[in-house]
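For reference, the structure discussed in these notes is given below.
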Amino acid sequence: MIISIDGGVASGKSAVGKRVAEAQDLPFIDSGLMYRAITKLAADRAIDSGDADAVARLASSVTLRVEGDRVWADGVELTDGIYDADDMEALPIISAIPAVRESLVKQQREMAGSGVVMAGRDIGTVVFPDADHKFFLTASLDEKVRRRAAQYERRGENADPETMRREVEARDRIDTQRKVAPLRAAPDAVVIDTDHLDVDQVVDRILEQIRERRPR
């Protein structure tokens, strides 16, 4: 069984996806970690994010592995520092490179095996258009900023609310307007507004939908 959970910045898709995967006894993959890994590798190797050809060659040359909130490239773990603020400007640029997405989508499909819960921005529209269950999580800008600030604080980092607001707005704008695999809900996805729901409540709604649609 393949379950896709898409959504924008701080929509809660990763936290929800982990819990859904546990409930369904399936592996969980946060596809965003793969784009962060390529961004981190590009920075480490002094590859300019604007050099699309060089970044594309990098993406096609490494094998990524994701387990929960950990990520490896060619067997070397990159989890430490994967959320570095220094990479934030380059991340949406690299994520929008068509050849990079092509390489990572191929790996994402290979990772699925016989079943997976995968979170991202184009899982239900591009990676697994025939997924058994598709969900798209939304949240207001204020809620996204609150959640993103909480994420930073949990990592012991300072978060300026106004800076955070600009970053969230910019990332969602770039993701929804990019030409390749833009952020949008698949026509057959169940859209869930998470503004006034905690993680448990969102998970419960998803599991209920899965039970209702499961063949009897």
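The values are calculated or read from the model by the stated rules, or taken from the named source; none is laboratory data. Values in this document were obtained by computation on a predicted structure and should not be read as measured data. Here Cβ is always computed from backbone atoms with ideal geometry, including for glycine, and neighbour counts include all displayed protein chains.
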(message) Just to check your reading of the model, which residue among Pro161, Pro215, Pro129 is surrounded by fewer than 20 Cβ atoms within 10 Å (Cβ to Cβ) and either under 19 Å from Asp6 (Cβ atoms) or at pLDDT 90 or above (or both)?
(response) Pro129
(message) Exactly one condition in (1) charged (D, E, K, R); (2) in a helix (DSSP H, G or I); (3) modelled with pLDDT of 95 or more is false for Asp188; which is it?
(response) (2)
(message) Can you list residue pairs whose Cβ atoms sit under 7 Å apart, with the first residue in region 51-64 being more than 16 Å from Ile93 (Cβ to Cβ) and the second being assigned to a helix (DSSP H, G or I)? Count only pairs 6 or more apart in sequence or on different chains.
(response) Ser60/Ser103; Val62/Leu41; Leu64/Met34; Leu64/Ala37; Leu64/Gln107
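Scan Arg154, Arg213 and give me the residue that is under 20 Å from the mean Cα position of the chain (by Cα) and not β-branched (Val, Ile, Thr).
Residue meeting the stated conditions: Arg154.
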(request) Sort out which residues of region 125-166 are part of a helix (DSSP H, G or I) and either touching a helix residue (DSSP H, G or I) at 6+ places or on another chain (Cβ under 8 Å) or on the phi > 0 side of the Ramachandran plot (or both), and write them in order of number. (result) Val126, Val127, Leu141, Lys144, Val145, Arg148, Ala149, Tyr152, Pro161, Met164, Arg165
(request) Pull up region 73-91, narrow it to residues that are surrounded by 15 or more Cβ atoms within 10 Å (Cβ to Cβ) and in a helix (DSSP H, G or I), then point me to the one that is modelled with the lowest pLDDT. (result) Asp87
(message) For the structure I just gave you, tell me whether Ser11 is hydroxyl-bearing (Ser, Thr, Tyr) and in a loop (DSSP other than H, G, I, E, B).
(response) yes
(message) If I filter region 176-189 down to residues being crowded, with 17+ Cβ neighbours inside 10 Å and of a type in the set (A, V, I, L, M, F, W, C), which single residue comes out as farthest from Ile5 (Cα to Cα)?
(response) Ala181
(request) Please go through region 33-58 and pick out each residue that is more than 12 Å from Asp87 (Cβ to Cβ), under 22 Å from the mean Cα position of the chain (by Cα) and part of a helix (DSSP H, G or I). (result) Leu33, Met34, Ala52, Val55, Ala56, Arg57, Leu58
(message) Can you find, within region 80-101, the residue that is farthest from the chain's Cα centre (by Cα) among those that are over 22 Å from Asp69 (Cβ atoms) and of a type in the set (Gly, Ala, Ser)?
(response) Ala99
(request) Could you tell me which residue of region 56-72 is surrounded by the fewest Cβ atoms within 10 Å (Cβ to Cβ), considering only residues that are under 14 Å from Ile29 (Cβ atoms) and among the basic types (Lys, Arg)? (result) Arg70
